[in-house]
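A short write-up of the structure that comes next.
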Amino acid sequence: AQSVTQPDIHITVSEGASLELRCNYSYGATPYLFWYVQSPGQGLQLLLKYFSGDTLVQGIKGFEAEFKRSQSSFNLRKPSVHWSDAAEYFCAVGALDTGRRALTFGSGTRLQVQP
Amino acid sequence: DAGVIQSPRHEVTEMGQEVTLRCKPISGHDYLFWYRQTMMRGLELLIYFNNNVPIDDSGMPEDRFSAKMPNASFSTLKIQPSEPRDSAVYFCASSQRQGGEETQYFGPGTRLLVL
């Protein structure tokens, strides 16, 4: 069974500082990986996704993530955080090849941005 | 594109009452998913459909929950009778496989409170 671990429940950074949110997955085959963001009271918005190819993927709002197969990781980064980035971030893994299309989500990381 | 549409956005009901949540997927998408988000269990799959046919309902908690997809543009999730422990945010998502990639897009969610 696939699983996703987001080790950091809560992170606080200063506005303008860099950000890295960690995500580790467990899956036997090639995973498809996603980062979603959820603002308070809102739905899930797709930030970026990895299916194949270049292991460094660019997303919306200046975010990027790097797939590292050897470390089973897909960490999310942003060079300079804005106050509007305060939200909860979810890493998810999918697996089209198993026929089970549902995403498995991590428990989320809540980001707080200090002025 | 209007995105995934869910209604109602908020629902407050009393224990024992029937609750019906509605979802309109993105036009052309052939997969539809229902997820539930709670503080204790995070985001978890309840059921998903392919071409209006239920494929995996292993996440449906118990017989009180039922889901239907009568056509490609509409799905319902029904809880009867509702219980306080059903209080959660229910998300609908849809997807379409294109060129080896498949991304789930989420609706805004229905926030359900059962008193």
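Quick one: B:Glu44 ticks every box in (1) under 13 Å from the mean Cα position of the chain (by Cα); (2) more than 9 Å from chain A (Cβ to nearest Cβ) except a single one, so which number is it?
(2)
Of everything in segment A:66-115, what is aliphatic (A, V, I, L, M) and closer than 12 Å to A:Cys23 by Cβ? Give them in sequence order. Walk me through how you get there before you give the answer.
Step one: filter segment A:66-115 for residues aliphatic (A, V, I, L, M), giving A:76, A:81, A:86-87, A:92-93, A:95-96, A:102-103, A:111, A:113.
Within segment A:66-115, A:Leu76, A:Ala92, A:Val93 meet the criteria.
How many residues, within segment B:86-104, are touching a Gly at 6+ places or on another chain (Cβ under 8 Å) and modelled with pLDDT of 95 or more?
Total satisfying the criteria: 5.
One line per residue, one yes/no per condition, for (1) within 14 Å of another protein chain (Cβ to nearest Cβ); (2) in contact (Cβ under 8 Å) with a residue 60 or more places away in the chain; (3) closer than 22 Å to B:Cys92 by Cα; (4) of a type in the set (Asp, Glu):
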position	(1), (2), (3), (4)
A:Trp35	yes, no, yes, no
A:Leu44	yes, no, yes, no
A:Phe51	yes, no, no, no
A:Gln58	no, no, no, no
A:Phe63	no, no, no, no
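Starting from residues that are surrounded by 12 or more Cβ atoms within 10 Å (Cβ to Cβ) and among the charged types (D, E, K, R), keep the ones in segment B:10-52 and report whichever is nearest to A:Ser39 (Cα to Cα).
B:Arg36
Pull up segment B:81-94, narrow it to residues that are farther than 20 Å from B:Gly42 by Cβ and buried (at least 21 other Cβ atoms within 10 Å of the Cβ), then point me to the one that is nearest to the other protein chains (Cβ to nearest Cβ).
B:Ser94
Any residue in segment B:21-34 that is of a type in the set (Phe, Trp, Tyr) and in contact (Cβ under 8 Å) with a residue 60 or more places away in the chain?
So in segment B:21-34, the residues of a type in the set (Phe, Trp, Tyr) come out as B:31, B:33-34.
From what's left, in contact (Cβ under 8 Å) with a residue 60 or more places away in the chain: B:31, B:33.
Within segment B:21-34, one or more residues are of a type in the set (Phe, Trp, Tyr) and in contact (Cβ under 8 Å) with a residue 60 or more places away in the chain.
Quick one: count up the residues across segment A:65-115 that are part of a loop (DSSP other than H, G, I, E, B) and either surrounded by 14 or more Cβ atoms within 10 Å (Cβ to Cβ) or within 10 Å of another protein chain (Cβ to nearest Cβ) (or both). Before you say what the answer is, go through the steps one by one.
Start the filter on segment A:65-115 by keeping residues that are part of a loop (DSSP other than H, G, I, E, B), which leaves A:72, A:79-82, A:86, A:99, A:106-108, A:115.
Of the ones still in play, those that are also either surrounded by 14 or more Cβ atoms within 10 Å (Cβ to Cβ) or within 10 Å of another protein chain (Cβ to nearest Cβ) (or both) are A:72, A:81, A:86, A:99, A:106-108.
Number satisfying all stated conditions: 7.
Looking at segment B:53-65, which of the residues that are under 15 Å from B:Glu18 (Cα atoms) and exposed (fewer than 14 other Cβ atoms within 10 Å of the Cβ) is farthest from the other protein chains (Cβ to nearest Cβ)? Talk me through it step by step, then tell me what you get.
Going through segment B:53-65, the residues under 15 Å from B:Glu18 (Cα atoms) turn out to be B:62-65.
If we keep only those that are exposed (fewer than 14 other Cβ atoms within 10 Å of the Cβ) as well, we get B:62-63.
On the way: B:Glu62: 19, B:Asp63: 21 Å.
Filtering segment B:53-65 for residues that are under 15 Å from B:Glu18 (Cα atoms) and exposed (fewer than 14 other Cβ atoms within 10 Å of the Cβ), the one farthest from the other protein chains (Cβ to nearest Cβ) comes out as B:Asp63.
Check segment B:95-111 and report whether any residue there is within 21 Å of A:Leu46 (Cα to Cα) and among the aromatic types (Phe, Trp, Tyr). Break it down into steps so the answer makes sense when it comes.
Narrowing segment B:95-111 to residues within 21 Å of A:Leu46 (Cα to Cα): B:95-111.
From what is left, the residues that are among the aromatic types (Phe, Trp, Tyr) are B:105-106.
Yes.
The values are calculated or read from the model by the stated rules, or taken from the named source; none is laboratory data. These numbers were taken from a predicted model, which means no experiment stands behind them. Virtual Cβ from ideal backbone geometry, glycine too; neighbours counted across all protein chains shown.
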